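The values are calculated or read from the model by the stated rules, or taken from the named source; none is laboratory data. Here the structure is a predicted model, which means the values were calculated and not measured. Cβ coordinates were reconstructed from backbone atoms using ideal geometry, including for glycine residues, and neighbour counts include every protein chain displayed. Side chains are part of the model used for accessible areas, which takes the heavy atoms of the whole protein and leaves out ligands, DNA and RNA. Shrake-Rupley method; radii C 1.70, N 1.55, O 1.52, S 1.80 Å.
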Amino acid sequence: MVLVGPVVDLTREDYRALQEDGVVILGPRPWDKIPAYLQHADVLLVPHVVNDFTESLDPIKLYEYRAVRRPVVATPVAGFRDGNDPLLTVVDADGFATAVARALVPVAGVPRTGPTVHDPTMTEMPIPVWRDQAALMRAVIERIAPPASTPR
């Protein structure tokens with residue numbers, strides 16, 4: 001397993017234990033280099049705890065992962081649990097390790113050469129663009145903002 005990005009909530013002992021178990025912790029990388037790491041992964045993981053904070057997120061990671069067309073195993077956090085992409089497996093914490101092992105079986109021993117072939121007949125949610133996300137936010141603000149006073 002390779003972890004890319006900041007690791008902020010591990011003790012030194014946890015960090016050492018991960019390394020001893022073979023986990024490679026690369027740490028933060030420039031945002032424009034992340035797709036290079038993602039496209040070479042066999043399976044992408046989202047082992048987030050489901051809590052109020054993760055429920056409030058619109059995970060950019062979801063869009064990045066979908067764009068590289070790799071299998072994804074995620075806990076049922078916002079964004080991921082409602083996905084209908086056949087490359088996405090959503091499972092609770094107890095079943096996470098088993099789901100990851102299952103996702104790796106089809107690729108074990110077979111090197112990846114490029115993105116998984118896109119099946120145009122599958123149903124998938126469109127990947128949002130910033131213009132659409134801004135329109136959604138504007139609609140929310142307009143719905144909750146007090147009416148403007150009219151000049152007399």
### Task
May I ask you to say which residue of 52, 92, 21 is among the charged types (D, E, K, R), in contact with a Ser or Thr (Cβ under 7 Å, 6 or more places away or on another chain) and without any contact (Cβ under 8 Å) to a residue 24 or more places away in the chain?
92
#### Entry: Which listed residue, of 93, 17, is out of contact with any Phe, Trp or Tyr (no Cβ under 9 Å at 6 or more places or on another chain), farther than 25 Å from residue 133 by Cβ and open to solvent by 70 Å² or more (accessible area, probe 1.4 Å)
93
#### Entry: Scope the range 1-23; condition assigned to a helix (DSSP H, G or I) and more than 23 Å from residue 33 (Cβ to Cβ); matching residues
12, 13, 14, 16, 17, 20
